[in-house]
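Everything below concerns the one structure shown next.
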Amino acid sequence: MTNKSIIIIGAGLAGLSTGCYSQMNGYQTQIFEHHATPGGVATCWKRKGYTIDGGIHFLMCHRPGQSIYELYRELGTAQSNRFLDMTSYCRFIDEASGRSVQITKDLDLLAKELKAISPADSRIIDDLIAGARAMQGTDRGDMGMSQPQELLGCLEKVKQMWKMRGFFKYFTGRYARSAADYGKAIHDPWLRYIIENMFLPEVPIWFNLMLLGLLADGQLASLEGGSLNFVLPIEKHYRNLGGQITYGAAVEKILVENDRAVGVRLNDGSEHRADIVVSAADGYSTIYKMLDGRYVDGEIENRYKNWKLTRPLIMISLGVAREFKGEPDMNTIKLEHPFTTGSKDVNGISVRIFNYTDRLAPPGKTVVQVMFETEWDWWNELQKDRPGYEAEKKRGADQVLERLEAHYPGISSQVEMIDVATPCTWWRYTRNFRGAYMGWLMSSEIINAQIKKTLPGLGNFYMAGQWVTSGGGVVSSLYSGRHVVQILCHGEGKEFSAVSHALASG
Ligand SMILES: Cc1cc2nc3c(=O)[nH]c(=O)nc-3n(C[C@H](O)[C@H](O)[C@H](O)COP(=O)(O)OP(=O)(O)OC[C@H]3O[C@@H](n4cnc5c(N)ncnc54)[C@H](O)[C@@H]3O)c2cc1C
């Protein structure tokens, strides 16, 4: 068994996953995390007796029998969590027309309701529903995620494609077009809005079909107790496996000797050495700050110059002294009267109602969370003027409350807690480039891109996490850590293990 040491930068999902699998394979690891808690963007925080869930909206494949479930189990989080089956994905509300539709797991009902909105679009609705059905029953882990692409030979790739033969057509041709592009063929503007905004307008339409297929299969879940409940068992698992973790420790530089990573220097000036360094932190900071941009090629430069980032968010969480029984957990409201924050018009808001868990709010009370997209530059500039920044946060919350009043009369007077997170908040706590909380924008152009987990010319160094995946997400971030360790083991000619020996024997 090897005794090689690894320093991991970042205790987000990817850093913790890298840590767990490294420990399972005999490496000795030390994680340095900039923030005071694990989880990165998958986190919760407390305000005035309420717990705000600032991360994960839904998990996929939480039921046994799927490779992704095994991933959760290997990391010790499947056993410790209660995943709450989602029967509805989202309710869409159009303020102007008063119409609403709920995306439920019953695909027949969904087809009927969508056709009621627009009979003229029946053909395209049938097409969508047929696609969602085709996506049902698939093991997403075997769709190329459970093995790193770097280690797949031609035969394995052919085998993978064979497994996907039933729905392969949905990854190509018109289903590979973005939801916005696909939506152009839809006559009814409201139906078009729903299809475009099921996730992001830029994702390939097959991604929406996959979400509908997962929902219909009962393979989408929310997390009882919030995102941190998903993370903490992984952190505990890592420690039980013998891993070390230091919080409040920001890495400033990756130490390099003879083009090999040999350790890190922290913000307190201390230096720490290891045989291998893995950065599971923000990609831009890693490549251009911690390594001073010395290990890049045209591909990397092009990516950081031209690829689009996830648009940053404003998240307004309200602690409300009231229950919202019967209200769907997730709502998208198309506003009749847009408002402005920064220099951007807000035409629609997501409203998350945390009905499903009483652990986030005191009895009889609820956290209502509103999110909408915003811009980095404007907030980043404004934060230099602290009173102006705080005033704009308040103005955002006031405008949102005014809009919510129309849907939940009386809510303004029942609000006990207001918490506003801006793109700068994400930067401050997680260091994600320009507040891009999910890394690269998951668009049809890049979703199949393979991003290398190494840098040209730099030995003993790897990257994990959402900046080396094409669009972020829980599953791909967790897998990226596993992949790094699979690659490491392969490089050393030893078999990769996903068994927790220390725990099994202990
Ligand atoms: C509101 C929201 C909703 C989401 N919903 C979903 C969802 O429904 N489904 C889904 O699959 N995904 C969702 N995601 C995305 C998913 O949570 C992320 O893609 C994933 O958690 C990213 O993990 P990561 O470890 O790659 O990155 P991060 O979480 O960014 O972790 C990086 C870590 O590195 C640390 N770090 C950075 N710089 C340094 C440094 N210099 N030194 C030391 N440490 C450093 C950071 O503090 C952080 O802890 C959501 C995210 C958000 C914010």
Checklist outcome for this item: In the set Gly19, Gly15, Gly40, the lone residue that is more than 10 Å from the ligand (Cβ to nearest atom) and of a type in the set (Gly, Ala, Ser) is Gly19
Checklist outcome for this item: With criteria (1) out of contact with any helix residue (DSSP H, G or I) (no Cβ under 8 Å at 6 or more places or on another chain); (2) on the phi < 0 side of the Ramachandran plot; (3) buried (at least 23 other Cβ atoms within 10 Å of the Cβ), Gly226 comes up short on (2)
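Residues checked against (1) part of a loop (DSSP other than H, G, I, E, B); (2) surrounded by 24 or more Cβ atoms within 10 Å (Cβ to Cβ); (3) out of contact with any helix residue (DSSP H, G or I) (no Cβ under 9 Å at 6 or more places or on another chain):
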{"site": "Gly19", "(1), (2), (3)": "no, yes, no"}
{"site": "Thr29", "(1), (2), (3)": "no, yes, no"}
{"site": "Trp45", "(1), (2), (3)": "no, no, no"}
{"site": "Tyr69", "(1), (2), (3)": "no, no, no"}
{"site": "Gly76", "(1), (2), (3)": "yes, no, no"}
{"site": "Asn81", "(1), (2), (3)": "yes, no, no"}
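For every residue, the table says whether it meets (1) in the same structural domain as Tyr462 (by TED's automatic domain parsing); (2) at negative phi; (3) within 16 Å of the ligand (Cβ to nearest atom).
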{"position": "Ile245", "(1), (2), (3)": "yes, yes, yes"}
{"position": "Ala249", "(1), (2), (3)": "yes, yes, yes"}
{"position": "Lys253", "(1), (2), (3)": "yes, yes, yes"}
{"position": "Asn258", "(1), (2), (3)": "yes, no, no"}
{"position": "Asp297", "(1), (2), (3)": "yes, yes, no"}
{"position": "Asn302", "(1), (2), (3)": "yes, yes, no"}
Checklist entry - Val296 passes all but one of (1) of a type outside the set (Asp, Glu); (2) in contact with a strand residue (DSSP E or B) (Cβ under 8 Å, 6 or more places away or on another chain); (3) farther than 30 Å from Pro409 by Cβ; which number fails? => result (2)
Next on the checklist: Show the residue pairs meeting these rules: Cβ distance below 8 Å; 6+ apart or different chains; first residue within the stretch 469-482 and aromatic (Phe, Trp, Tyr); second residue more than 8 Å from the ligand (Cβ to nearest atom) and in a loop (DSSP other than H, G, I, E, B).
Outcome noted: Tyr479/Met145; Tyr479/Ser146
Next on the checklist: Tell me which helices (runs of 4 or more DSSP H) are completely within the stretch 348-422 and hold 3 or more residues being over 26 Å from Leu309 (Cβ atoms) and touching a helix residue (DSSP H, G or I) at 6+ places or on another chain (Cβ under 7 Å), or say none if there are none.
Outcome noted: 386-407
Checklist entry - Residues of the stretch 246-281 being of a type in the set (Asp, Glu) and in contact with a Ser or Thr (Cβ under 7 Å, 6 or more places away or on another chain), which ones? => result Asp275
Checklist entry - In the stretch 304-343, what count of residues is obtained for those that are surrounded by fewer than 16 Cβ atoms within 10 Å (Cβ to Cβ) and either closer than 29 Å to Leu382 by Cα or within 16 Å of the ligand (Cβ to nearest atom) (or both)? => result 8
Checklist entry - Are there any pairs with C-beta distances below 6 angstrom linking a residue in the stretch 270-281 that is at pLDDT 95 or above to a residue that is aromatic (Phe, Trp, Tyr), with the two at least 6 apart or on different chains, and if so which? => result Val277/Phe461; Val278/Tyr462
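Quick check on this structure: which one of Ser80, Ser67 is more than 15 Å from the ligand (Cβ to nearest atom), under 29 Å from Asn229 (Cβ atoms), of a type in the set (Ser, Thr, Tyr) and touching a Ser or Thr at 6+ places or on another chain (Cβ under 8 Å)?
Details: Ser80 fails: touching a Ser or Thr at 6+ places or on another chain (Cβ under 8 Å).
Checking each option against the conditions leaves just Ser67.
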Next on the checklist: I'm checking my understanding of the structure. Among residues of the stretch 276-316 that are hydrophobic (A, V, I, L, M, F, W, C) and not in a strand (DSSP E or B), which one is nearest to Lys253 (Cα to Cα)?
Outcome noted: Met290
Checklist outcome for this item: All conditions in (1) without any contact (Cβ under 8 Å) to a residue 24 or more places away in the chain; (2) part of a loop (DSSP other than H, G, I, E, B) are true of Met438 except (1)
Item to check | Number of the exception - Val484 against (1) within 19 Å of Ala11 (Cα to Cα); (2) among the β-branched types (Val, Ile, Thr); (3) out of contact with any Ser or Thr (no Cβ under 6 Å at 6 or more places or on another chain) | outcome: (3)
Item to check | Of all residues making up the stretch 294-340, the number that are closer than 30 Å to Ile418 by Cβ and among the basic types (Lys, Arg) | outcome: 4
Checklist outcome for this item: When every residue in the stretch 344-378 that is modelled with pLDDT under 95, within 16 Å of the ligand (Cβ to nearest atom) and farther than 28 Å from Asp94 by Cβ is compared, the one surrounded by the most Cβ atoms within 10 Å (Cβ to Cβ) is Leu360
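If I ask for residues that are in a loop (DSSP other than H, G, I, E, B), among the hydrophobic types (A, V, I, L, M, F, W, C) and either in the same structural domain as Val203 (by TED's automatic domain parsing) or within 13 Å of the ligand (Cβ to nearest atom) (or both), which ones from the stretch 441-496 would you list?
Matches in the stretch 441-496: Leu441, Met442, Ile451, Ala464.
The values are calculated or read from the model by the stated rules, or taken from the named source; none is laboratory data. Here the structure is a predicted model, which means the values were calculated and not measured. All Cβ positions, even for glycine, are placed from backbone atoms using ideal geometry, and neighbour counts span all protein chains on display.
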